[in-house]
Amino acid sequence: MRWLTLAISGLIVAAIAGVAVLLYGLFYFGQDLPDYRQLADYEPPVMSRIHAGDGSLIGVYARQKRIFVPREAIPDRVVNAFLSAEDKTFYDHPGLDFTGLARAVLVNVRNKMSGRRPVGASTITQQVAKNFLLSGEVSYTRKIKEALLSFRIERAFTKDQIIELYLNEIYMGRSAYGVAAASMIYFNKALDELTIADAAYLAALPKAPNNYHPVRNHDRALARRNWVIGQLEENGYITEEEKAEAIAQPLNAGTGEAVRLVNARYFTSAIAQDLISLYGEDSLFEGGLSIRTTVEPDLQRAAHKVLRDGLVSFDRRQGWRGPVDHIDPAQFATEEGQDDARAQLIDLDADLDFKPWYHALVTSVTDDAALILLATGQGGKLPLSGMEWARAAAKSEKGSKGPTPKKPRDVVKVGDIVLVEPQGDGQSYVLRQEPEVNGGLVAMDPHTGRVLALVGGFSYARSRFNRAIQAERQPGSAFKPFVYAAGLDVGFTPSSLVLDAPFVMDQGPGKPMWKPANYSNKFYGPSTLRLGIEKSRNLMTVRLAQYIGMESVIAYAKHFGIGKGMQKVLASSLGSHEVTLIDMTNAYAMLVNGGKRIHPVLIDRVQDRWGGTVFKSDDRACTSCQADEWMGTPPPRLPDERERVISSGTAYQMVSMLEGVVQRGTGVRVKTVGKPLAGKTGTTNESRDAWFVGFSPDLAVGVYVGYDNPRSLGRRETGSSAAAPIFRDFMKAALKGKPATPFRIPPDIRLVRVNVKTGKGALPGDRNVILEAFKPGTGPDTEASVVDGTYRGGSSGSSGNSGLSGTGGLY
């Protein structure tokens with residue numbers, strides 16, 4: 001009996017010692033544990049989403065791409081997949097899976113003896129403790145703390161709260177945090193749109209996202225997905241038939257996000273700084289803001305395409321500058337050399353954001369085609385017809401291009417790396433060249449100022465400089481309408497005559513005479529204001545500006561938001577000061593909207609992560625807009641609070657004259673759109689900048705083309721040839737399928753038949769007759785005097801109207 005007593009005593013002592021050790025361990029490891037109660041206030045960094053005007057996603061601001069979703073919004077199909085993959089006893093255990101833990105201990109004993117990395121048996125609760133409260137170090141100390149925290153978390157939170165924390169926090173690869181963001185990035189689907197196979201793949205990712213990349217490690221990812229599907233069936237979540245159907249599905253986890261997003265990177269970058277100044281950088285990148293912008297996706301796509309096409313077309317006219325790079329043919333004569341060449345092509349293609357262009361290596365050249373190799377290893381053919389445009393570029397601004405290529409070897413040689421674009425069957429390609437020239441396009445609603453499309457350059461990846469907003473360039477003749485508007489407001493009519501004759505001004509001692517000229521270098525005598533704007537006559541514009549005074553011209557420019565930096569010199573009337581494209585487009589919009597002040601608006605509304613509105617661009621009060629249901633009453637009418645800039649009569653006269661620019665003048669290329677359009681070309685001295693700014697009754701558009709380091713666009717390049725075709729093509733796309741809406745005529749405007757050349761009332765038999773717009777008390781025969789430039793302004797001509805040599809409008 002004595003040995004039994006001793007054994008029992010020993011067991012009691014051992015038990016007491018074990019309890020003491022356990023209590024000490026709990027005290028030792030538990031005294032500095034993080035406060036798990038902070039999980040109750042969990043607000044993870046959530047990406048801010050940028051939406052177009054129709055609600056579609058166009059971009060995100062994020063340090064971590066995450067969309068927070070509550071447990072009740074996560075489908076059971078998704079939850080069950082993660083439970084099957086990570087913790088099938090989650091709803092039964094108290095924080096630790098003791099069976100799984102015992103199994104892991106046995107495995108780790110073997111791993112320790114063989115020098116392998118220890119494995120874990122972490123429950124979802126343990127992963128929450130590690131991800132939120134502890135570091136990722138691999139140690140037994142951390143595992144003990146993790147276990148203690150798991151027990152505490154299980155006592156403080158429900159199972160649904162724990163799974164909600166887990167599914168919103170985990171890293172899923174490709175910059176995605178949480179299941180909602182991963183669903184969008186991998187599948188371009190909301191959570192409730194995921195199939196069993198989709199959910200199983202997402203559940204496979206937390207173990208090692210990079211190991212299960214759907215493209216780079218496709219077979220491994222597919223096997224892991226199918227294992228999860230098997231676990232779903234084994235755990236009773238799906239049937240045998242559903243398992244077979246899910247396993248049969250291909251792994252469609254491609255680049256879903258890229259499919260959804262319209263290319264609006266210049267637009268989203270333009271609003272980023274404004275949002276940071278309003279809400280701070282942390283709120284923008286982690287605060288989960290929902291930003292509703294003014295972008296219309298269809299117009300943005302059209303703007304992106306036509307600007308690129310226009311810049312490419314212009315660049316091709318300048319000639320072929322040669323290949324992107326060249327590889328010694330001896331280097332890719334072997335299979336290993338071809339692999340190196342493909343690797344170089346892959347690197348080059350990675351920097352392209354103007355697909356479907358690709359880099360290709362010329363592997364051989366025949367009399368009718370060049371054979372090429374793509375980064376994919378696929379071969380192709382570059383026929384002579386795909387490179388006939390590639391005349392050698394001129395070596396100087398005054399030089400000439402080379403002859404038209406007769407054979408492919410006139411353009412490329414073996415070893416050249418060139419840009420190509422597939423055609424038709426995908427086996428034939430055409431030669432491409434990244435343009436040196438650049439430009440921008442802005443489209444806006446002229447009644448509200450909402451910017452509907454904005455493109456700031458050919459390639460955002462190549463240059464983030466936004467030529468639509470940041471570039472300040474001379475507008476040239478695109479500024480002239482505001483000189484003419486100032487004249488109309490002091491009594492001129494579109495039929496008033498201004499002398500088109502040589503103009504010489506003495507600029508003072510030691511300075512040359514200022515002698516502006518028309519683009520044609522000809523003089524046309526007395527001509528109507530309408531003809532002056534339609535044909536973009538410089539000499540008429542200078543005389544009109546001298547007559548009304550540059551103080552008045554500058555005041556008008558400032559009213560329209562384009563007078564910054566203007567000097568009180570006559571050259572400024574020809575657009576020698578600098579403006580941005582968005583400001584110039586906004587100024588034209590104020591002409592077509594009847595003379596009401598607007599400002600460019602890029603953001604309609606901003607909501608916080610909880611859906612509360614924190615910003616609205618339209619802050620007009622509307623008490624009758626809050627109805628719960630429509631009762632057949634008329635829609636509410638909001639007050640028009642826009643300030644008047646010029647009279648509606650003057651605004652319409654300018655619209656009518658600018659419509660003539662399209663019908664008969666320098667903008668006649670735009671006429672082929674077949675809808676009522678108006679606008680003005682602009683070109684500066686030496687053809688350094690080319691513009692076309694114009695509008696339909698409900699859409700204002702501005703286009704700018706030029707080099708970032710200003711130089712001539714070419715001897716024959718003008719706003720009419722470089723910018724107007726881009727405007728035309730955009731308007732064709734924007735107005736396709738829409739009725740031909742005429743420009744709105746104010747009630748006080750009287751339309752009179754006049755001879756378009758003389759401006760006088762039309763006579764029987766006159767052929768060139770138009771309906772001219774006149775204000776009350778004026779008409780085609782109320783004045784016959786010719787403005788010769790004599791100054792009539794409010795201050796001395798010497799102080800306000802000096803010439804100043806410099807650039808100005810040409811055409």
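Taken together, the values in this text are just the output of simple stated rules run on the coordinates, not laboratory data. Every value quoted in this text rests on a predicted model; they were computed, and no experiment measured them. Every residue, glycine as well, gets a Cβ built from its backbone with ideal geometry; the counts of neighbours run over all protein chains shown.
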Enumerate the residues in the range 586-619 having an amide nitrogen under 17 Å from the point lying 7 Å beyond the Cα of S290 toward its Cβ. 603-617
For the range 273-380, what is the Kirkwood hydrodynamic radius in Å, using each pair of distinct C-alpha atoms? 18.2
Using alpha carbons only, how many degrees (0 to 90, rounded to 10) separate the axis of helix 98-114 from the longest principal axis of the chain? 90
Relative contact order of the range 693-749, please, whole-number percent, based on alpha carbon pairs below 8 angstrom and at least 6 residues apart. 37
Once Lys and Arg get +1 and Asp and Glu get -1 on their Cβ, which of G487, V365, T672 lies farthest toward the positive end of the dipole of the chain? G487
Compute the acute angle (0 to 90°) between the alpha-carbon long axis of helix 265-279 and the principal axis of greatest extent of the alpha-carbon atoms of the chain; round to the nearest 10°. 70
Would you work out the relative contact order for the range 393-540, in percent, from Cα pairs under 8 angstrom that are 6 or more residues apart? 13
Can you tell me what share of the DSSP beta bridges in the chain is antiparallel? A percent to the nearest 5 is fine. 85
What percent do you get for the relative contact order of the chain when only Cα pairs under 8 Å and 6+ apart count? 12
What are the equivalent ellipsoid semi-axes of the range 550-709, built from the alpha-carbon gyration tensor (square roots of five times its eigenvalues), in whole angstrom, biggest first? 35, 20, 17
With label points built 7 Å along Cα→Cβ from the Cα atoms of E397 and I749, find their separation and express it in nm. 4.0
If each of H218 and H599 carries a label point 7 Å out from its Cα toward its Cβ, how far apart are those two points in nm? 5.3
Just the projected area, averaged over all directions, of the convex hull on the alpha carbon atoms of the range 619-769: how many nm²? 15.0
Crossing angle, helix 581-592 versus the chain [Cα axis fit, 0-90 degrees, rounded to tens]: 60
Working only with C-alpha atoms, what are the Rg and Dmax values of the range 209-321, expressed in angstrom? 22.9, 68
Taking only the alpha-carbon atoms of the chain, what semi-axes of the equivalent ellipsoid follow from 5 times the gyration tensor eigenvalues under a square root, in whole Å, largest first? 68, 35, 23
I'd like the trypsin sites (Lys or Arg not before Pro) in the range 371-437 restricted to DSSP loop residues with at most 12 other Cβ atoms within 10 Å, sorted by number. K395, K398, K406
Quick one: net charge around A85, please, counting Lys, Arg +1 and Asp, Glu -1 for every other residue with C-beta under 9 Å from its C-beta. +1
Label-point separation (nm) for E72 and E281, each offset 7 Å from Cα along Cα-to-Cβ? 3.8
Estimated 222 nm signal from helices in the chain, with DSSP H stretches of n ≥ 4 weighted -39500 (n - 2.57), rounded to 500: -11000 deg cm²/dmol
Trypsin sites (Lys or Arg not before Pro) within the range 295-348: which are DSSP loop residues with at most 14 other Cβ atoms inside 10 Å? R321
Pulled fully out, how much extra length does the chain show between E434 and Q331, if you take 0.36 nm times their separation in residues and subtract their Cα-Cα distance? 34.5 nm
